[in-house]
Amino acid sequence: MKVVAAYMLAVLGGNASPSADDLKKILGSVGAEADDDRIELMLSQVKGKCITELVACGREKMASVPSSGDAVDVATIATGDVAPSVEHKEEKEIFTLFDDEV
């Protein structure tokens, strides 16, 4: 990911076709190690491609990647299939007590 991030930074900075040295310089500026093999592999895969097309393609691929269990938990809670957590109940009671005293 750091190689991709360095590539994106270079392109956003105006370098339409960053070299391996450009990416190493960006990674080095933040103290990240540069893996020559990964840089060369990534550069060979994006050679001659427009950044807009790469981002669009990446979005499509990421849409099909399942996320952590959080998405399922949110969906389950939204449908009402799961009772609220104990912490949430306690929080609610504290606010209720506070409102009664005012």
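The values are calculated or read from the model by the stated rules, or taken from the named source; none is laboratory data. A quick note: this is a predicted structure, and the numbers were derived from the prediction, not measured. Note that we place each Cβ from the backbone using ideal geometry, even for glycine, and neighbour counts take in every protein chain shown. Please note that ligands, DNA and RNA were not included when accessible areas were found on the heavy atoms of the full protein model with its side chains. Shrake-Rupley method; radii C 1.70, N 1.55, O 1.52, S 1.80 Å.
For the reader, a short list of remarks on this structure follows.
- Among the conditions (1) without any contact (Cβ under 8 Å) to a residue 40 or more places away in the chain; (2) surrounded by 11 or more Cβ atoms within 10 Å (Cβ to Cβ); (3) within 16 Å of Ala6 (Cβ to Cβ), Cys57 misses just one, which is (3).
- Residues in segment 21-31 that are open to solvent by less than 60 Å² (accessible area, probe 1.4 Å) and without any contact (Cβ under 8 Å) to a residue 24 or more places away in the chain: 4 in all.
- Selected residue (only one of Ala34, Ala75 is modelled with pLDDT under 90, more than 20 Å from the chain's Cα centre (by Cα), surrounded by 10 or more Cβ atoms within 10 Å (Cβ to Cβ) and within 23 Å of Lys2 (Cβ to Cβ)): Ala34
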